[in-house]
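One structure is given below, encoded as structure tokens.
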Amino acid sequence: MKSLLIILFLSFQLAIAQKEIKHQVYFLTDQYEIPETEESRLLLFLSEIENMDVKKISIYGFCDDRGSDSYNLVLSQQRADAIKSVFSNNEFDESVITNVDGKGEILLNVINDNDLYKIRGLNRKVEIIVQPYDPPRVKVEKKPAKETTEDLLKGDLKEGDKIQLENILFRTGYSYLTKESKVVLDDIAKILVKRTDIFFTIEGHVCCTHGSRDAIDRKTKKRNLSLARAKTVYDYLAERGVKRYRMKFVGHKRKFPLGGEPELDRRVEILVTRILKQKN
């Protein structure tokens, strides 16, 4: 009976471990800035988990055995905070990050290896533990809008009207359009080429950043992702015949969240700024 309980316990622990996804980021001695190669690995990891239904994420910072206890606690916390900043800067939903803790040093005897330098290098790290929902939750399908973007642009418009460009999507952390979005934007461009009476501003928004901070464009490393996305749409429409003098573009960072699912804040809208009166 005792053996059976042990087997059941181990099976349960194994099941939990299998559900967790872990990633380690390694640091240089006495540093909490993320090395370039490690940041690239981290961004790849974010790309792998960004479409998962994540329940919670824990971020734990560690140091090697050198330095005082108080120094190691501060440094390990700084390392954990640096990793969390990468999540924030790349439009990741921070509400699922439940722990960002510095744990101090890891004792040398944790790893059975005679290479002291290697052991310390492996101990200078942040460990990220991702726990997805298993099975993933069933998402409630968003009800289709009464009128499509195309219908709204073809209809009666007035100054101040704001139209969200439905199905215009960007990959998380980047300002380039998905292939499917280009097809939709082609149809929108055809309408706007004909609607020469409309002057408008293209407004870009991002999700999942604190306050009004903008997210970082992974391609350029600049914190202007909302502006970059608006300019991408601006340039795309211009290439398809919409006159540039009729358009402006602006990035609103995360000043105007919609209050729903985080990914819905990753959007582009058109604000009608002027309507030319048609000559009789």
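Using the Cβ atoms and a cut-off under 11 Å, what net charge is assigned to the surroundings of C63, where Lys and Arg are +1 and Asp and Glu are -1?
Spelling it out: positives minus negatives among the neighbours equals +1.
At 0.36 nm per residue, and after removing the present C-alpha to C-alpha distance, how many nm does the segment from S95 to T148 gain when stretched out fully?
Extra length from S95 to T148 when fully extended: 16.0 nm.
For the chain, what does the helix formula give at 222 nm: sum of -39500 (n - 2.57) over DSSP H segments with n ≥ 4, over the residue count, nearest 500 deg cm²/dmol?
-11500 deg cm²/dmol
Please build a GNM for the chain, connecting alpha carbons under 10 Å apart, and tell me which residue among L264, L75, L225 fluctuates the most.
Highest fluctuation of the listed residues: L264.
Report the Cys residues of the chain lacking a disulfide-compatible partner, meaning no second Cys Cβ under 4.7 Å from their Cβ.
C63
Set the bar at 27 Å for Cα to Cα. Now go through K182/K248; K253/K277; K219/K255; K162/K231; K118/K221; K182/K277 and name every pair that lies beyond it.
K253/K277; K118/K221; K182/K277
Using alpha carbons only, how many degrees (0 to 90, rounded to 10) separate the axis of helix 225-239 from the longest principal axis of the chain?
Taking Cα atoms only, the helix is inclined about 40 degrees.
Tell me, in nm to one decimal, what length is gained between D197 and D81 on full extension, where the rule is 0.36 nm per residue of separation less the Cα-Cα distance?
That works out to 36.8 nm of additional length.
Which loop GluC sites (Glu not before Pro) in region 39-106, with loop taken from DSSP, have no more than 16 other Cβ atoms within 10 angstrom of their Cβ?
Those that pass, being in a loop and sparsely packed, are E50.
For a Förster distance of 25 Å, can you work out the FRET efficiency between the beta-carbons of D53 and V250, rounded to the nearest 0.05?
Working from the Cβ atoms, E equals 0.15.
To the nearest 20 debye, what is the magnitude of the charge dipole of the chain about its Cα centre, counting +1 on the Cβ of each Lys and Arg and -1 on the Cβ of each Asp and Glu?
Using only the charged Cβ atoms, the result is roughly 1320 debye.
With Cβ to Cβ distances under 11 Å as the rule, what net charge do the other residues near Y174 carry (K, R +1; D, E -1)?
+3
If I take R0 = 30 Å and measure r between the Cβ atoms of K22 and K221 in this structure, what FRET efficiency does the formula 1/(1 + (r/R0)^6) give, to the nearest 0.05?
My answer for the efficiency is 0.70.
Bear in mind that the values in this text are calculations on the coordinates, not laboratory data. As the structure is a computational prediction, the values presented were derived from the model and not from experiment. Glycine gets a Cβ as well: all are built from the backbone with ideal geometry, and neighbour counts include every protein chain shown.
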